[in-house]
Amino acid sequence: MLKLLLIYSYLTLPLCFLISKGKIKEGLLLLLAVYGVIFFCLLNYFDLIFQTIEKYYHSAYTFLEYSAFTFIFWVNIRNKFFRRFIILISIVFFLFQIYYVNSASVERMDSIPIGIETILIFIYIFYFLFDFSKNAKDTFIYNHYCFWLSVGILIYLGGSFFYYILVNNLEHEDVIRFGNLTYVAEIIKNLLFCIAIFIYKKSTANKIHNNLPKKIPNLDMI
Amino acid sequence: MFFLQANTSTTTALFLGTIGMLVLTIGLVVFIIMHQRRVQRFQQKLQQLEIDQQKMMLNASIKMQEEERQRLAADLHDDAGPLLATARLYLNENLVNQDKVNQLQSIFQARQIIDDTIQLIRNISHDLMPPTLKNFGLESAINDLFQKISGSGTVNASQRFHDYKDRLKPEKELLVFRIVQELINNILKHSNSSFIHLTQNVHADKFYLRIHHDGRGIVQSDFEKLNKSNIGLGLKNIGSRIRLLQGEILFEKDISQTYYKVTIEVPKDDPYSS
């Protein structure tokens, strides 16, 4: 029941995209909508297809999740050095994933890549929040859509980190019991993502209103 | 037994770890929000400082006005007063008892002194409100000013008005002229430049002036720093005049890094109709 709720909670993202009249050129909104559709499909259909090659399914899941979350923070972090660091570390992570998927035997889930993914995303979020709170002087952090995305991801990854790390060592009934806890965290994440979509729309509407192009006429010397 | 114990400790670690992570997450979010509030309070303090600075500028402006009045009073008292008193001496009651030659000489002297006084009062009046500005507008007044500067031979000053068919209101023109005068004075005093060029244009409901020069100049951060310090009374006056005009001023270095530019943006008003 909870899993079903989780799967369908992913559909709220494209739904919010449509309700908020999101446009294709609004890249981040589109990314969240596509993220919702892809993960709905991954959870609803593709686990059946990938049943025989489960480790590829989990690796693909981790890869897509890491890519989506990282892209959000890569776009929002202004420090060039840190952006380069994200790109570099992501390449290393993807190479490790390829190595892992080909060499390691996966019992239930790819715990090590998930653990690394969680730690990396945590670092990006901490840096983003630190950077934002340092530089934002005239706006509250919770008026920025990325704050809600960060909180959602923190709850989701925080709530599932130890579960994914220890999942291969758990009894079947514990997997179900604690699995439900991660579903709750994931549903909360999706709801917070929906809030982020509306805040993004609101803030871009204000930005368009406030930042009308200021044209200075010709004041050259000749 | 060992397996059961190991399994129990794994689930405990999982449970405590998850709780710990969630507490950490909530703690972090609360900390960020609290930190933001602190930043906001700091911002409010900064705004208060800004208000204090505006008060300081207003005081500087009042002080400047008072100094101007004192100078005016001194000019009238020290120069015009003695001249008129001397003229009065020449035109005393005994003049009718004097011979014709002395009478003519006294009248001539008195007339000379009165002419000097007229010239003196005219100079004082021109200092207060340049006649060219009053009669012919900002373009002519700036042209006059620049011709005088170019006449000295050390600095080449030129100006170009692209679109000034509709004059600003006289009080606005005077404020803009005073800002230009102050900027030009600063350039002549501190920049050691060889040329000054002024351009004017309008766009939508805004009037723009830009001054280029090739000497040592300042950028916006310097202007703001000087505005906050106790020195730079002239710059403070520029700031208060700009605020009075509800305009903006921008000090910057040209993209080629060769020139300094000062751009003034002032809202336009109804065409001058008086």
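The values are calculated or read from the model by the stated rules, or taken from the named source; none is laboratory data. Only a predicted model underlies this, so the values are computations on that prediction, with no experimental measurement involved. Cβ atoms come from the backbone with ideal geometry, glycine included; neighbour counts cover every protein chain shown.
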Need the failing condition index for B:L174 against (1) at pLDDT 90 or above; (2) within 17 Å of B:S240 (Cα to Cα), just the number.
(1)
Going through (1) of a type outside the set (S, T, Y); (2) under 16 Å from the mean Cα position of the chain (by Cα); (3) assigned to a loop (DSSP other than H, G, I, E, B) one by one, B:R210 fails only at (3)
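If a residue has to be facing another protein chain (nearest Cβ under 10 Å) and either under 14 Å from B:V202 (Cα atoms) or of a type outside the set (F, W, Y) (or both) to count, how many in the range B:249-263 make the cut?
4
Per-residue answers, yes or no, for (1) under 24 Å from B:R241 (Cα atoms); (2) not small (G, A, S):
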| position | (1), (2) |
| --- | --- |
| B:S9 | no, no |
| B:L24 | no, yes |
| B:L58 | yes, yes |
| B:Q70 | yes, yes |
| B:P82 | no, yes |
| B:L91 | no, yes |
| B:V96 | no, yes |
Name the single residue, out of those in the range B:19-40 being facing another protein chain (nearest Cβ under 7 Å) and among the β-branched types (V, I, T), that is farthest from A:T182 (Cα to Cα).
B:V39
Pick from the range B:183-194, criterion crowded, with 16+ Cβ neighbours inside 10 Å and not β-branched (V, I, T), ranking: farthest from B:G232 (Cα to Cα):
B:S193
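Regarding A:F122, is this residue crowded, with 19+ Cβ neighbours inside 10 Å, over 30 Å from B:T12 (Cα atoms), among the hydrophobic types (A, V, I, L, M, F, W, C) and in contact (Cβ under 8 Å) with a residue 24 or more places away in the chain?
Values: crowded, with 19+ Cβ neighbours inside 10 Å: yes; over 30 Å from B:T12 (Cα atoms): no; among the hydrophobic types (A, V, I, L, M, F, W, C): yes; in contact (Cβ under 8 Å) with a residue 24 or more places away in the chain: yes.
Criteria not met by A:F122.
When you scan the range A:181-191, do you find a residue that is facing chain B (nearest Cβ under 7 Å), of a type in the set (A, V, I, L, M, F, W, C) and surrounded by fewer than 21 Cβ atoms within 10 Å (Cβ to Cβ), even just one? Step through it out loud before you land on a result.
Of the residues in the range A:181-191, the ones facing chain B (nearest Cβ under 7 Å) are A:181.
Then drop every residue that is not of a type in the set (A, V, I, L, M, F, W, C), which leaves A:181.
Imposing the further condition that a residue be surrounded by fewer than 21 Cβ atoms within 10 Å (Cβ to Cβ) reduces the set to A:181.
Checked against the condition, which is being facing chain B (nearest Cβ under 7 Å), of a type in the set (A, V, I, L, M, F, W, C) and surrounded by fewer than 21 Cβ atoms within 10 Å (Cβ to Cβ), the range A:181-191 yields at least one hit.
Is it true that A:D131 is of a type outside the set (A, V, I, L, M, F, W, C) and either touching a helix residue (DSSP H, G or I) at 6+ places or on another chain (Cβ under 6 Å) or away from chain B (no Cβ under 13 Å) (or both)?
Working: of a type outside the set (A, V, I, L, M, F, W, C): yes; either touching a helix residue (DSSP H, G or I) at 6+ places or on another chain (Cβ under 6 Å) or away from chain B (no Cβ under 13 Å) (or both): no.
Taking the combined requirement at face value, the residue does not satisfy it.
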Could you tell me whether any residue of the range B:231-243 is in contact with a helix residue (DSSP H, G or I) (Cβ under 8 Å, 6 or more places away or on another chain) and at positive phi?
yes
